[in-house]
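Engineer: Questions regarding the structure given below will be posed in turn.
Each value in this text was obtained by applying a stated rule to the coordinates, not by laboratory testing. These figures come from a predicted structure and were not determined experimentally. Counting neighbours? That spans all protein chains shown, and the Cβs are built from the backbone with ideal geometry, glycine included.
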Amino acid sequence: MKVLGACPLDCPDACSWVVTVEDGVATQLRGNKDHPVTRGALCVKVNRYLEQVGAPDRLRYPLRRTGPKGSGRFERISWDTALAEIATRLTGIIDEFGAEAIWPFHGTGSLGYLQGMEGYPGRRMFNVLGASHHRPTICSVAGSAGVRYTLGTSGGMDPEDLAKSKLILLWGTNPLSSGHHLWKFIQDSGAHLVAIDPVRTKTADRCDEHLAPLPGTDAALALGLLHVIVALGAQDDAYLAAHTEGWPEFRDRIAEYPPDRVARITGLPEDRIVDLGTRIAHTRPTAIRASQGMQRHAGGGMALRLLACLPGVTGDWAIPGGGLHYSTSGHFRLDTAALIRDDLLPHPVRTLSMTRLGEALLETGDPPVKALFVIAANPVGSNPDQRRVIEGLSRDDLFTVVLEHVATDTVDYADIVLPATMQPEHLDVLAGYGHLYLVWNEPAIAPPGECLSTTETFRRLSRRLGLTEPALYDTDEELMRQLLKGHDLDRLRADGFLAIEPGPVPDGKLQFVSARAALAGHDPLPDYTPPADAGPGLVLISAASHYFLNTTFGSNPELRRRAGEPRITLHPADAELRGIADGTPVVVTNARGSFEAIAELSDRVRPGVAATTKGRWAKFTNGATVNATVAERDADYGGGAVFHDNRVEVTARQAPAAP
Ligand SMILES: Nc1nc2c(c(=O)[nH]1)N[C@H]1C(S)=C(S)[C@@H](COP(=O)(O)OP(=O)(O)OC[C@H]3O[C@@H](n4cnc5c(=O)[nH]c(N)nc54)[C@H](O)[C@@H]3O)O[C@H]1N2
Ligand SMILES: Nc1nc2c(c(=O)[nH]1)N[C@H]1C(S)=C(S)[C@@H](COP(=O)(O)OP(=O)(O)OC[C@H]3O[C@@H](n4cnc5c(=O)[nH]c(N)nc54)[C@H](O)[C@@H]3O)O[C@H]1N2
Ligand code: SF4
Ligand SMILES: [Mo]
């Protein structure tokens, strides 16, 4: 039997897959050949997904902690006992502190609307209780807000249209590792390819040109390129007059960024800026692909706001194959309000920001966070300021419930662990953020042990809490119909995917001057915002690993073997200054914390910049990962995280004393 499903992981490609089931066992997982973007292939990580489904470390039963927090010692308990204990603790906390002391903390482990999606499952129950709301700030919000200020929508060009481009700027994006299905369209274009990335990535290797600006200086680079374009008179006056607002003011702002100034800010040679600006001026259509990596900076929102402005000046937004592709999620019009039912709230509640977990657990009062539900997230591994996150999770008076597949670093701090189903075991639907299709996931096999879907877990917990609101007991099929109202559900289910009609881009006139930005207290005009973590040391970028997806797969033996030990790439000149040779064990430190790695010397990073990857588990790496050094600080827009705005020092580790 073949069953159509979808990869649930936080990846733009949202692949459609086919599970082969024999005698109730999933024996093969393949990409769906019919899906126009998946085109029959998954990726190096998800080719091992079935291995994960049956992994020896898969959580199969509810657990109760027996050792101290962090010890990872648990005993098996029944679902009845687990739900009774959770209900008793929640009721006590609500009586003493009010329901806002409860934080449903959602991650991006699954982008399924029913089982994951950063805050949808369980939201109805938490709303009935009046728990705090969760704001998913860890990934893409700063850039989305920036794009929205310019375009009125966070959706951009159809990524498949990249095949029509003549010039593609791969700006702070590494698709060959972080969503490789886009590469086919990029290749088909035959376009001149320019990588703009402080690191020479796998993707940069395949481009015609690579520019390595200093991290966090992209907004200045965009303004400098626009300066060159305007100096050549290559702006599209007809487009500007008909489709944009605020051009005269923006033009004045651009004038403040001549190439020599931009060269000083970005650390790029002036002639490279002039050459690229000239190439853009003369090439229609030009497309920009920028993704989440480059907005993990103090000025990340501004940077994306500006990248959305650039095709407005050249008129590329009006040409198929021109424009900006940041995320397509803004194009999906699903009835999420009907799914999450915020109308069930008894009164307005506070919103807690995902990236501020350490602060919320250690400092926030009125009420303090007393109960934490971690759903499809691994904050010990993924959040900034790992030391403070661990300190917060270690609080004895905090009641923590973790819904998981495997015993992550975060599970070790749980009071109660609930085993969750994996994708071939539950019903779900996804919207890609790198294409324009809904993707259906039909359950293919029975879950192992006593794993339950997240939706079912919350139905049972609602019953245990004695809640009477009927909406809490809607089945998965009912939830699906409410969410997908107006879409052809039967076709989606039969084909496994369904193309959606994108909204207009820009939505209304393109705003160089944004009244909405001004209202939110920001500069009404786009500008360059310098990095926040200034001073001595190296700027450390910790981007996507080729072998893990965030911390997911971090315990898969084969992927761990292929990823090797944690490494930090240093420019030979920076290494020499510190007496570090290739292969030297080093410690990477700043005021927030430190982690260990092996130094790798390479000119893939420019002097002043160091690179490592995200996704490691602290319990396999001496108790700390790169996020021990990252600040819990907000980007300019939306409270986004600033993982790459991070100064560190690197020193050789003392050789261990002989035994
Ligand atoms: N294999 C794999 N795939 C993934 C993920 C993963 O962990 N592993 N993560 C998934 C997730 S959650 C997301 S959000 C997406 C992210 O997808 P991407 O945005 O493509 O991923 P990143 O590797 O985080 O960042 C891309 C690039 O931005 C560069 N960069 C960092 N700072 C700057 C800067 O200031 N300026 C410029 N120009 N470039 C900069 C980095 O060096 C990196 O090469 O990928 C998804 N796909
Ligand atoms: N240094 C550094 N840190 C980063 C980043 C970076 O670039 N650099 N990137 C950030 C980004 S872009 C993101 S999106 C975040 C991601 O951070 P998180 O949201 O914490 O994502 P993961 O680390 O993948 O952890 C997700 C967990 O969900 C579990 N899971 C998967 N599916 C389900 C399900 O259906 N139900 C349940 N209950 N659990 C499930 C998985 O087993 C996994 O342990 O990390 C951020 N952290
Ligand atoms: S992680 Fe991305 S590329 Fe890999 S299977 Fe999932 S959606 Fe496709
Ligand atoms: Mo992400």
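Engineer: With all distinct Cα pairs included, what does the Kirkwood hydrodynamic radius of the range 422-501 come out to in Å, to one decimal, could you say?
Structural biologist: 14.2 Å
Engineer: Contact order normalised by length for the range 538-652, with contacts defined as Cα pairs under 8 Å and 6 or more residues apart; what percent is it?
Structural biologist: Normalised by residue count, the contact order of the range 538-652 is 37 percent.
Engineer: Quick check: the distance between the Cα centres of the range 480-504 and the range 44-108, to the nearest angstrom?
Structural biologist: 33 Å
Engineer: Over the chain, what is the percentage of antiparallel beta bridges among all DSSP beta bridges, to the nearest 5?
Structural biologist: 45 percent
Engineer: Kindly state, as a whole number, the per residue volume in cubic angstrom of the convex hull around the alpha carbon atoms of the range 1-140.
Structural biologist: 171 Å³
Engineer: Using the alpha-carbon centroid of each, what span in Å lies between the range 623-637 and the range 327-402?
Structural biologist: Comparing the Cα centres of the range 623-637 and the range 327-402, I get a distance of 16 Å.
Engineer: Moving on to the next point. In whole Hz, what ³J(HN,Hα) sequence does the range 587-595 give by Karplus (6.51, -1.76, 1.60; θ = phi - 60°), x for Gly and Pro?
Structural biologist: 10, 10, 9, 8, 5, 7, x, 8, 8
Engineer: For a protection proxy built on the mean count of beta-carbon atoms within 10 angstrom, sort 629-639, 165-175, 61-71 highest first, please.
Structural biologist: With the highest mean Cβ count within 10 Å placed first, the list reads 165-175, 629-639, 61-71.
Engineer: Calculate, in nm to one decimal, what D208 and N622 gain on full extension: separation in residues at 0.36 nm each, minus their alpha carbon distance.
Structural biologist: Answer, rounded to one decimal: 145.0 nm.
Engineer: While we're here: Can you classify the range 146-326 as rounded, prolate or oblate using the Cα gyration tensor, where a ≥ b ≥ c are the square roots of its eigenvalues, rounded means a/c under 1.5, and otherwise it's prolate if a/b beats b/c and oblate if not? Walk me through the numbers on the way to the answer.
Structural biologist: On the way: a/c = 1.41, a/b = 1.15, b/c = 1.22.
It comes out rounded by the Cα gyration axes.
Engineer: Unpartnered cysteines of the chain (Cβ-Cβ under 4.7 Å counts as a partner)?
Structural biologist: Cysteines lacking a close Cβ partner in the chain: C11, C43, C139, C207, C309, C451.
Engineer: Here is a further query. How high is the FRET efficiency between D57 and R562 when r is their beta carbon distance and R₀ equals 22 Å, given to the nearest 0.05?
Structural biologist: Given R0 = 22 Å and the Cβ-Cβ separation, E is 0.75.
Engineer: While we're here: Show me the ranking of peptides 194-203, 288-297 by mean Cβ neighbours inside 10 Å, starting with the highest. Present the calculation step by step, with values, prior to reporting the outcome.
Structural biologist: On the way: 194-203: 23.2, 288-297: 28.2.
Top to bottom by mean Cβ count within 10 Å: 288-297, 194-203.
Engineer: Based on other C-beta atoms within 10 Å, arrange F250, F332 from fewest to most.
Structural biologist: Numbers: F250 24, F332 20.
Ranking F250, F332 by Cβ neighbours within 10 Å, fewest first, gives F332, F250.
Engineer: Can you check how the C-alpha radius of gyration of the range 538-652 compares to 2.2 N^0.38 Å, as a plain ratio?
Structural biologist: In units of the 2.2 N^0.38 Å rule of thumb, it is 1.04.
Engineer: Which shape class, rounded, prolate or oblate, goes with the range 242-290 when its Cα gyration tensor gives a ≥ b ≥ c as root eigenvalues, a/c under 1.5 marks rounded, and past that a/b bigger than b/c marks prolate?
Structural biologist: Note, shape of the range 242-290 comes out oblate.
Engineer: Evaluate 2.2 N^0.38 Å with N set to the residue count of the chain, then give the Cα radius of gyration divided by it.
Structural biologist: With N residues counted in the chain, Rg over 2.2 N^0.38 Å equals 0.94.
Engineer: Can I ask one more? Using Cα pairs closer than 8 Å and at least 6 residues apart in sequence, work out the relative contact order for the range 144-250, in percent.
Structural biologist: Reported relative contact order: 18 percent.
Engineer: I'd like to know how the range 345-485 sits against the 2.2 N^0.38 Å rule of thumb: what's its Cα Rg over that expected value?
Structural biologist: In units of the 2.2 N^0.38 Å rule of thumb, it is 1.19.
Engineer: Here is a further query. Tell me, how many Å apart are the Cα centres for the range 542-595 and for the range 171-213?
Structural biologist: About 22 Å separates the Cα centre of the range 542-595 from the one of the range 171-213.
Engineer: From the helices alone, meaning DSSP H stretches of at least four residues, give me the mean residue ellipticity at 222 nm for the chain, per-run term -39500 (n - 2.57), in deg cm²/dmol to the nearest 500.
Structural biologist: About -8000 deg cm²/dmol.
Engineer: Taking 0.36 nm per residue of sequence separation and subtracting the Cα-Cα distance, how much length would be gained by fully extending the chain between W79 and E245, in nm to one decimal?
Structural biologist: Stretched fully, the W79-E245 segment lengthens by 53.9 nm.
Engineer: Where in the chain are the helices, taken as whole DSSP H runs, whose Cα atoms extend 20 angstrom or more along the long axis and whose Kyte-Doolittle mean reaches at least -1.0?
Structural biologist: Helices meeting the criterion: 79-97, 300-314.
Engineer: Go through 140-153, 403-416 and give me the packing order, highest mean Cβ count within 10 Å leading. Working shown, then result.
Structural biologist: Working: 140-153: 26.7, 403-416: 24.4.
Answer by packing, highest mean first, reads 140-153, 403-416.
Engineer: Expressed in nm to one decimal, what extension gain is obtained for the pair R460 and D396 from 0.36 nm per residue of sequence separation less their Cα-Cα distance?
Structural biologist: Numbers: separation 64, 0.36 × 64 = 23.04 nm, distance 2.65 nm.
Here the segment from R460 to D396 would lengthen by 20.4 nm.
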